[in-house]
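Some notes on the structure that comes next.
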Amino acid sequence: MKIIKLPSTKQFVTLLFFTFGTLAFGQQAIHQVSLEHLKNHLKILSSDAMAGRATGTPGIEKAAKYLESAFQRMGLKPSRQGYKMPDNSGKACNILAQIEGKSMPSEFVVVSAHYDHLGIVNGEIYNGADDDGSGTAALLAMAETLMELKKQGRGPDRTVVFIAFSGEEKGLWGSDYFSEHPTIDLTKVSCDVNIDMIGRIDPERTTADTNHYVCVVGQRHISSELKLALRALNENTQNLILDGKFDEQSDPNRIFYRSDHYNFAKKGVPAVFFYDGMLGGDYHEPTDDFEKIDWDVYQKRCNFILDFVVSVANRADLLKRDLTE
Ligand SMILES: [Zn+2]
């Protein structure tokens, strides 16, 4: 016979906390991105071996090969979209991979992140762990989770297209090229979900929510359903602080125009941009390193973004395009 050990008072209090804690705040993410996968991908992408991944250099080519082999290991068939660099200094490429939708395969959700960064400047390597190693690693880890679900017959209803863009730091080159030469019908893209810098807590943030927020940009534009969909999902899952400060018309930083989602928005595609809000500190400094990543909040954000991708992929209709801005 087994001995049944009664919980000690301390354990009992812990048990109570978890029981009621869960009822009070603790809604969980529906999908989980593996922390181990995030760490493994980001460690490699932000290593000195990739030499800061500047567009047009051997360092970013290493990153491109890494992305391709990671997608292949998951059972996906990545492809390259090559383009001539607008400054005529050579060629660059975007890396694409897609998971075919179960019931609406010719409608799409795009998940995007840029895999380039600033390279080597004055002899210093700019590893870009947060910018945008964090988005690129998130993209790979999400694809991995979705492929596992697909193998269990629980894949997305619409096709999910993963795009790692190059040339972002040079001026959104890769996404501009894609938007002018799309490989899919942009009128059938429900939403571009762009991820650029989600791995840190903004050191300049003074509110008490530092471990539980993400900045969400783009909710004022193109689709009134975007904000509603984000809010409804969040209420039923992690209850993160979805900070819309960069969507305020008064915000001087013009964040909406500063990452790859803008090239989708420009073509009338609803687009949302997830971001940790960092504008100072290690942003665009050689100190944007792997060791600075805040894994807990990074993983929370990844889980939320993946939940959002799946919810948009599976909802009855495409997000409607009813706003003029
Ligand atoms: Zn970036």
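The values are calculated or read from the model by the stated rules, or taken from the named source; none is laboratory data. Note that the structure is predicted; figures quoted are calculated from it, not measured. We place every Cβ from the backbone using ideal geometry, glycine too, and count neighbours over all the protein chains shown. Accessible surface areas use protein heavy atoms only, side chains included; no ligands, DNA or RNA. Shrake-Rupley method; radii C 1.70, N 1.55, O 1.52, S 1.80 Å.
Numbers at a glance
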read-out	value
P(r) of the range 234-306 over all Cα-Cα pairs, binned every 5 Å from zero, in whole percent	3, 11, 19, 21, 22, 17, 6, 1
The chain: relative contact order as a whole-number percent, Cα under 8 Å and 6+ apart	23
Gaussian network model of the chain, Cα within-10 Å springs - most flexible of 232, 138, 29	232
Percent of beta bridges antiparallel (DSSP, the chain, rounded to nearest 5)	45
Cα gyration tensor shape for the range 31-314, rounded if a/c is under 1.5, else prolate or oblate	rounded
Protection-proxy order for peptides 298-304, 157-163, each taking the mean of Cβ atoms within 10 Å per residue, highest first	298-304, 157-163
Within a Gaussian network of the chain (alpha carbon springs, distance under 10 Å), most fluctuating of 34, 175, 103	103
Heavy-atom accessible area per residue - the chain, 1.4 Å, Å²	45
Gain in span if fully extended, residue 314 to residue 154, counting 0.36 nm per residue against the direct Cα distance	56.5 nm
√(5λ) per eigenvalue of the Cα gyration tensor, the range 116-224, largest first, Å	26, 21, 17
The range 81-198 - share of DSSP beta bridges that are antiparallel (%, nearest 5)	50
Rounded if a/c under 1.5, otherwise prolate or oblate - the range 163-233, Cα gyration tensor axes	oblate
Three-way shape call for the range 26-127 based on the alpha-carbon gyration tensor, with the a/c threshold at 1.5	oblate
Protein accessible area in the chain, 1.4 Å probe - carbon and sulfur %	54
On Cα atoms only, tilt of 9-24 relative to the major axis of the chain in degrees	50
Computed E for residue 208/residue 287 - FRET, C-beta separation, R0 30 angstrom, nearest 0.05	0.70
Label point distance in nm, residue 27-residue 235, each placed 7 Å from Cα along Cα→Cβ	0.8
21 Å Cα-Cα reach of residue 320 towards lysines, excluding residues that sit fewer than 8 places from it in its own chain	188, 227, 266, 267
Helix axis angle, 135-151 relative to the chain longest principal axis, alpha carbon, degrees	60
Entries in 62/170; 245/300; 77/170 that, when Cα-Cα distance is taken, lie over 22 Å	77/170
Helix 58-74 axis, angle to the chain major axis (alpha carbon atoms, nearest 10°)	50
